[in-house]
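Q: Sending over a structure as structure tokens; questions will come in a sec.
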Amino acid sequence: MTARHGGGARAYADDVEDAMSDIRSSFEFDYEQALTLTGFGRFHYRLLALCGLIYANTAIGITVMSFVLPSATCDFRMTSEDKGWLTAAPMLGMVVGSYFWGCLADTKGRRIVLIAALLLDGTVGLLSTAAQIFPIFMFLRFINGFAITGAMGICFPYLGEFQPTAYREKILCWMELFWTLGIVVLPCIAWLIIPLPLQLGTAGGGVLFGSWNLFVALCAIPSLLLGLWLLSFPESPKFLIECGEPALALEILKDIYQTNTGRERNECPIVRLKESDRSNTIMETHNRSIRTFNIHDPKHMKILLPEIWEQTKALCSAEFRRNTLLACLIQFGITTSYYTLMIWFPELFGRYEEYEKRYPNATVSVCDVSSIVLESVNDTLVDDFCGTDIDTKVYWHTLLLGIACIPTSLWLPLCVHRLGAKFFLIFSLTVAGLVTVGLAYVGNSSQNLILSCIFEALTSMGISTVYCVMVDLFPTNLRVMAAAFSLTFGRCGALLGNILFGFLVDLNCFVPIVLFSIMLFGSAVLCFFLPDTGTTALQ
């Protein structure tokens, strides 16, 4: 059956009719045919809402530190280098966690790993609010990064494996709008909470709980709620088929059919699913699903580890080596630039506001204003600038960053079938590279804000598009592993970027800005070599 991408509901109805005519005389259905017969409706919208909110929650979890930096400066007596290490801690957790969660998701399932990652993130996030010692707080944020990368790396494959071919790329592209939602909601929460005159305890008493602690706690709660909501959703049927459990996958597809059509399960035309053509060493040797092995059992781990290693080696095989290398390099370039600058934007906005208060109507670049913490003003070192009270303009400017993403968040899913994912990647990364160069030459806070908004809108769209493309680049048994592998490279870049920026922001911020622009241009060039996606059935 050839999927039609135009015509909306009529085209989809034609797809259903084609599926029925193609397989009317057969009792076995391949997965794409079965998905088409379940219809597209209420279940898919609920799943999009869930995965979208998970993605929005990851945006909050990753960027929450951008408001903690200026707010907690006094409590922890942080220097710029300390802030660099604090922003790097979650990134280091992501580096460690990406491959771990990927291995787990390809052996135990997408749903159970998503639940575990979300619950861990929420629990540790609440614990971090009570941390009174900087190294302990930094370690807990490391665990937060470790957990949140599991949710980010798996929600796209989990969502994509439920989508018919005709809808998959567009549905995945709508996830960008949810990321924008997270970027918009975060400064709103910060604006409401951080300015509150809340200060429980005293430094002498050993326990302090301020408004920024409450802000961190509130940002942790959605992870717990989403983890509990996910309990009501099924495992990916495509993953179950790959595990040798087509019967269980069939039951889930019947439930989807009932939810989408309102008919009884026994009316579902799907009688039997074709088993996976891919060989699985564990299934062949032990005649059982890979999901039934217990990772806490040493004997089972001896069986699982070789299979995990085989999957990892498969990513470097001749068949997938090119796509794996492209995905890793593109992720490295985008993520290094995006996550470093996104986390430091509120801090830079705050420094601009402080500088312009001291020198009204002065023309100064972002690199010059960043050195404010090293200069002397009226014979007083400006490194005494604490940052507990964030100027309200900083919240407004950060909110504008999120609002600026709304047009691109709508443009991507509405036009991805017409222009193609590669166009959006190349366009967004090229323009973002030019904008990054421009950041070094702005003359005031308004110009800095405009370029920052353009950078945020384009790079966030580029990152979401990469996740969409990843679903089509690799087969089911390697999909999450491949995403985890590339995310590991990306998080390594973000880790190095935040440490580098923390050290250089007060000394010579022109150097990291040039490096980030080069990475974005390089990623744009690499996107030319990506295969076209969105028109083939899931493998």
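Q: Along the three principal axes, how long is region 432-472 when you take its alpha carbons, biggest first, rounded to the nearest angstrom?
A: 43, 14, 7
Q: Between Glu251 and Val525, what is the label-to-label distance in nm when each label sits 7 Å out along the Cα-to-Cβ direction?
A: Those two pseudo-labels are separated by 5.4 nm.
Q: Given the Cα-Cα distance of Asp532 and Leu200 and 0.36 nm per residue of separation, how much length would full extension add, in nm?
A: Answer, rounded to one decimal: 113.9 nm.
Q: Want the number for Asp30 to Trp396: 0.36 nm per residue separation, take away the alpha-carbon distance, what's left?
A: 126.6 nm
Q: Give the share of C-alpha pairs in each 5 angstrom bin for region 24-291, from 0 to the last occupied bin, in whole percents, shortest bins first.
A: 1, 6, 12, 14, 15, 13, 11, 8, 6, 5, 4, 3, 1, 0, 0, 0
Q: Calculated FRET efficiency, Val96 and Leu225, Cβ-Cβ r, R0 35 Å, to nearest 0.05?
A: 0.85
Q: Heavy atoms only, probe 1.4 angstrom, no DNA, RNA or ligands counted: give me Val442, Val514 ranked by accessible area, highest first.
A: Val514, Val442
Q: In Å and whole numbers, how far do the C-alpha atoms of region 391-498 stretch along each principal axis, longest first?
A: Its Cα atoms span 50, 36, 25 Å along the three principal axes.
Q: For region 96-246, how big is the tail of P(r) above 26 Å, as a whole percent of Cα pairs?
A: Everything past 26 Å amounts to 36 percent.
Q: Quick one: check the C-alpha center-to-center distance for region 314-349 versus region 85-125, whole angstrom.
A: Using only Cα atoms, the two centres lie 17 Å from each other.
Q: Listed highest first by mean packing, meaning other Cβ atoms within 10 Å per residue, what order do 478-491, 88-101, 242-255 come in?
A: By packing density, highest mean first, the sequence is 478-491, 88-101, 242-255.
Q: Same structure again: Sum up the charges of everything whose Cβ sits under 14 Å from the Cβ of Ala56, counting Lys and Arg as +1 and Asp and Glu as -1, but leave Ala56 out.
A: Taking every Cβ under 14 Å from that of Ala56, the sum is -2.
The values are calculated or read from the model by the stated rules, or taken from the named source; none is laboratory data. Just so you know, these numbers come straight off a predicted model, no measurement behind them. So basically every Cβ, Gly included, is an ideal-geometry build from the backbone, and we count neighbours across all protein chains shown. The protein model used for the area step is the full one, side chains on, heavy atoms only, and it has no ligands, DNA or RNA in it. Shrake-Rupley method; radii C 1.70, N 1.55, O 1.52, S 1.80 Å.
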